[in-house]
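See below for the structure under consideration.
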Amino acid sequence: MASQTLPIDEDDPRRAAILAAAVEVFARYGFKRTAMEDIARAAGVSRAALYLHYRNKQDIFRSLVQGYFELTETRMQAALVPGLDPEAALRGAFGAKLGPEMMPLIESPHGEELIDANFVTAADLVEAAEARLAGMIADWLRAEAGAGRVTLAAFDGEAAAMAEAIVAALHGLKHQVRSYAALRVAMARLARLFARGLRP
C-alpha cells in the first residue's frame with residue numbers, strides 16, 4: 001500500500017495525509033508496534049488532531065482496507081472485458097486485486113503481520129469485499145461460457161466455485177513471495193494456468 005499509489009479518496013486533505021502517513025508507518029513498524037503518536041508525527045499533526053479524525057489505529061487500518069478494496073473493485077470491473085483473451089483478462093483482474101499499492105506490504109519485513117492484521121482488524125470488510133470480487137469473476141466466467149469463449153468443465157460448470165478458487169489462489173500468492181516483482185511473475189503464471197483450463 002504505497003502512499004504514491006494508495007487509493008485515498010478523501011475530501012478532507014488532513015484525513016488523506018493521515019492515511020498516507022499511516023501506510024508508511026505500518027510498513028516500517030508493523031501493525032502491533034505502530035502507535036497513534038507515530039502516525040501523528042508522520043502526518044505532521046498533533047495527537048489531539050489525529051483523534052479528531054480517527055478513534056484508534058484499528059480505525060485507520062480499516063479505512064485503508066476499505067479504500068484499497070474500493071479501488072480493486074473498480075479496476076477489476078474494467079479488467080474483465082467481454083471477449084478479451086482469458087489469459088489477458090485474468091492477468092488484468094489479478095493485477096487489479098494485487099496492484100502496486102501492495103508493494104510495501106509485500107516487501108515490508110512486517111508483511112506477514114500486516115496481511116494477518118487484515119483478517120483480525122478488518123475481517124468483515126475483507127470477507128465482504130472478496131465475496132464481491134469472486135462474484136465479479138463468476139459473472140464474467142458465466143458470460144464468457146455462455147458466449148462459447150470459455151469452458152467451465154474443469155469445475156463442472158460451476159462459475160462461482162471456479163471464481164472462489166481463483167480468489168483463494170490469489171490470496172495464497174501473497175504468502176509465497178518476498179518482492180512485488182516476484183508477485184507479478186507468480187500472478188502471470190497463475191493467469192496462464194487458469195486460462196488453459198478455460199479453453200474450450
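Let a ≥ b ≥ c be the square roots of the eigenvalues of the Cα gyration tensor of region 56-134; is it rounded (a/c under 1.5), or, if not, prolate (a/b larger than b/c) or oblate? It comes out prolate by the Cα gyration axes. Shown are LYS32, LYS57, LYS97, whose ranking by accessible area with a 1.4 Å probe and every protein chain present, most to least, is LYS32, LYS57, LYS97. Heavy-atom accessible surface of PHE119, to the nearest 10 Å², is about 90 Å², with a 1.4 Å probe and all protein chains retained.
Relative to the first principal axis of the alpha-carbon coordinates of the chain, what is the inclination of helix 180-198, with its axis defined by its Cα atoms, in degrees from 0 to 90 and to the nearest 10? For 180-198 against the chain, the angle is about 30 degrees. Summing charges over all other residues whose Cβ lies under 15 Å from the Cβ of PHE119, with Lys and Arg as +1 and Asp and Glu as -1, gives -3.
Rounded, prolate or oblate: pick one for region 146-200, where a ≥ b ≥ c are the square roots of the eigenvalues of its C-alpha gyration tensor, a/c under 1.5 means rounded, and failing that, prolate if a/b is larger than b/c, else oblate. Prolate, because a/c is 1.5 or more and a/b exceeds b/c. A Förster radius of 30 Å combined with the Cβ-Cβ distance from GLN77 to ASP12 puts the calculated FRET efficiency at roughly 0.65.
Tally Lys/Arg at +1 and Asp/Glu at -1 over every other residue whose Cβ is under 12 Å from the Cβ of LEU193; what's the total?
Cβ neighbours under 12 Å give a net charge of +4.
With respect to the chain, whose longest principal axis is taken over its alpha-carbon atoms, helix 57-79 is tilted by about 30°. Sorting SER108, SER46 on solvent-accessible area from highest to lowest, probe radius 1.4 Å, gives SER46, SER108. Taking TYR51, TYR180, TYR68 as the candidate residues, the one with maximal mean-square fluctuation in a Gaussian network model of the chain, Cα springs under 10 Å, is TYR51.
When the chain is treated as a GNM with alpha-carbon contacts under 10 Å, the residue of VAL185, VAL177, VAL65 showing the greatest mean-square fluctuation is VAL185. A 1.4 Å probe run over the protein chains yields, for region 1-126, 46 Å² of accessible area per residue, whole-number rounding. What label, among (i) 1.00; (ii) 0.95; (iii) 1.11, belongs to Cα Rg over 2.2 N^0.38 Å computed from the structure on display? Step by step, Cα Rg over 2.2 N^0.38 Å for this structure corresponds to label (iii). Region 45-59 and region 129-200 have their alpha-carbon centroids 39 Å apart.
Taking only protein heavy atoms and a 1.4 Å probe, the accessible area of region 1-127 is 52% carbon and sulfur.
The values are calculated or read from the model by the stated rules, or taken from the named source; none is laboratory data. Since the structure is predicted, the reported quantities are computational estimates derived from the model, not experimental observations. Please note: Cβ atoms are built from the backbone with ideal geometry, for glycine as well, and neighbour counts cover all protein chains shown. Please note that ligands, DNA and RNA were not included when accessible areas were found on the heavy atoms of the full protein model with its side chains. Shrake-Rupley method; radii C 1.70, N 1.55, O 1.52, S 1.80 Å.
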